[in-house]
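Here the structure comes first, spelled out in structure tokens, and everything after it is commentary.
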Amino acid sequence: MSTPTPGTPASPKPAAEQAQPSALKALLRHRLVWPILALVLVLIVDAIISPGFFQIRIVQGRLFGNLIDILYRGMPPAMIALGMAVVISTKGIDLSVGSIIAVTGAVMAWRIHEGDSHYVILLTALCVGLACGLWNGFLVSVLEIQPIIATLILMVSGRGIGLMINLLYGGTNPSFTSPLLQGLSTGNLGLVPTRLVVGAVMIVLVWLLVRRTAFGLFLESVGGNAKSAWLSGVSSRLILLSAYLISGLMTAVAAIILTADTHTSDPVTSGLYSELDAILAVVIGGGSLAGGRIYLDGTIIGVLVIQALTTSILTSGLPPEYNLVVKAVVVLIVLLLQSANTRAAVVSLLARRKG
């Protein structure tokens, strides 16, 4: 066997050996890796806590099981989070989504008690969401009020408006029945719960709007640099207004499902903390509050992580009070894993120990 002479450069490693570490590093840097790993880990913990967690069966003519329940309960938050992702991509925020749910639910109950057609009520609820989005968008795009302050106005006043609407006909937490609205919320199409179909349709529509038209590029350009976007011919005000309209509309759809599910208008607790869950879902999915990017797929995964985590807490027998604390801890861990600075610090620490 011949030995390399002194000064002769060592033969390069095979291309496959060089490509493998770089491919692994590229995979670990992908924005969806850590959210997906977090979701898988939570589901594994759920399976350990509750044997048969992944079992899906048919009960009373519809699919039933923990995985179905995660999707079932996660559809309204997913729609809210998608609207939030659109707003955040413009470097904005919408703190009023919970109050929009309260106002929309109150209007629905009011008009049902007034005897309006349920199809008219459905359209009215969507118009309420658009009106709230128009208000927020006007404050942000026309009056140029900071988004966190502009949406805080409706966040603070919205639940009071809902209570005032309830009092229009003497109700405090009025109940109602509506075959159409409740069918959209708790009904089923064949074996599939109706809200899953409604949620899937809304997700596809938002995806088509953002990824198959120039609107998505306009959103990201305004979020990246609104002045540069305006100099390029993009109407920043119109894009900002449109983003809040989409958020209001998506929240109204979620409000229809949530209100019809409980058969009552409760402005105090309806949609409580939904704005926080929506923001968390966007950030878990790789979105940045600095704007400039919109990740719909990551947002959906973020919603599933939060909902699976809630399900694991409930199935474990822990008191519901632990929900927010455990959720905050898990979200913090996921965000730390997503941080490039954190990963670099871990790699540096391991390198020192090996040295």
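With respect to the conditions (1) under 13 Å from the mean Cα position of the chain (by Cα); (2) farther than 18 Å from ILE203 by Cβ; (3) not acidic (Asp, Glu), PRO267 lacks only one, and its number is (1). In the range 228-243, of all residues being modelled with pLDDT of 90 or more and more than 23 Å from the chain's Cα centre (by Cα), the one that is surrounded by the most Cβ atoms within 10 Å (Cβ to Cβ) corresponds to SER236.
Which residue out of GLY171, GLY160 is small (Gly, Ala, Ser) and in a loop (DSSP other than H, G, I, E, B)? Every option except GLY171 fails the conditions.
Results for (1) of a type in the set (A, V, I, L, M); (2) within 14 Å of ALA81 (Cβ to Cβ); (3) touching a Lys or Arg at 6+ places or on another chain (Cβ under 7 Å), shown as yes or no for each residue.
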residue	(1), (2), (3)
SER242	no, no, no
SER270	no, no, no
ILE279	yes, yes, no
ILE284	yes, yes, no
SER316	no, no, no
ALA328	yes, no, no
ALA345	yes, no, no
ARG352	no, no, no
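Only one of the listed residues (ILE145, ILE100, ILE88, ILE93) is under 18 Å from LEU276 (Cα atoms) and outside any helix (DSSP H, G or I). That residue is ILE93.
One line per residue, one yes/no per condition, for (1) in contact with a Cys (Cβ under 8 Å, 6 or more places away or on another chain); (2) at pLDDT 90 or above; (3) closer than 17 Å to ALA308 by Cα:
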| position | (1), (2), (3) |
| --- | --- |
| MET1 | no, no, no |
| PRO14 | no, no, no |
| LEU37 | no, no, yes |
| ILE44 | no, yes, yes |
| LEU67 | no, yes, yes |
| GLY83 | no, yes, no |
| ALA102 | no, yes, no |
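Evaluated against (1) surrounded by 12 or more Cβ atoms within 10 Å (Cβ to Cβ); (2) assigned to a helix (DSSP H, G or I); (3) basic (Lys, Arg), ARG293 falls short on exactly one condition, (2). Here is the figure for the range 315-334: residues that are among the hydrophobic types (A, V, I, L, M, F, W, C) and surrounded by 15 or more Cβ atoms within 10 Å (Cβ to Cβ) total 4. If you go through the range 258-277 and keep only what is in a helix (DSSP H, G or I) and either closer than 27 Å to THR90 by Cα or of a type outside the set (A, V, I, L, M) (or both), you end up with THR259, ASP261, THR262, SER274, GLU275, LEU276, ASP277.
When GLN338 is tested against (1) at pLDDT 75 or above; (2) closer than 30 Å to ALA229 by Cα, just one condition goes unmet, and that condition is (1).
For every residue, the table says whether it meets (1) out of contact with any Gly (no Cβ under 9 Å at 6 or more places or on another chain); (2) among the aromatic types (Phe, Trp, Tyr); (3) surrounded by fewer than 16 Cβ atoms within 10 Å (Cβ to Cβ); (4) at pLDDT 90 or above.
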position	(1), (2), (3), (4)
ASN136	no, no, no, yes
ILE145	yes, no, no, yes
ILE148	no, no, yes, yes
THR151	no, no, no, yes
LEU154	yes, no, no, yes
ARG159	no, no, no, yes
LEU163	yes, no, no, yes
THR172	yes, no, yes, no
LEU181	yes, no, no, yes
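Is the range 188-195 home to any residue that is closer than 24 Å to ALA106 by Cα and surrounded by 15 or more Cβ atoms within 10 Å (Cβ to Cβ)? Yes, some residue in the range 188-195 is closer than 24 Å to ALA106 by Cα and surrounded by 15 or more Cβ atoms within 10 Å (Cβ to Cβ). Of all residue pairs spaced 6 or more apart or on separate chains, those with beta-carbon atoms under 6 Å, a first member in the range 217-239 that is more than 9 Å from THR90 (Cα to Cα) and a second member that is of a type in the set (Ser, Thr, Tyr) are ALA229/SER221; ALA229/SER236; TRP230/SER236; VAL234/SER221; ARG237/SER141.
Of the set (1) surrounded by 17 or more Cβ atoms within 10 Å (Cβ to Cβ); (2) in contact with a Leu (Cβ under 8 Å, 6 or more places away or on another chain); (3) not hydroxyl-bearing (Ser, Thr, Tyr), all apply to ALA281 but (2).
Count of the range 149-198 residues, restricted to those that are over 17 Å from ILE121 (Cβ atoms) and among the hydrophobic types (A, V, I, L, M, F, W, C), is 16. Within the range 29-62, the residues that satisfy the criterion of being in a helix (DSSP H, G or I), in contact with a Phe, Trp or Tyr (Cβ under 8 Å, 6 or more places away or on another chain) and in contact (Cβ under 8 Å) with a residue 60 or more places away in the chain are LEU43, ASP46.
The values are calculated or read from the model by the stated rules, or taken from the named source; none is laboratory data. Quick caveat, the model's predicted, so the values are computed rather than measured. When we count neighbours, we look across all protein chains shown, and the Cβ atoms used for this are built from the backbone with ideal geometry, even at glycine.
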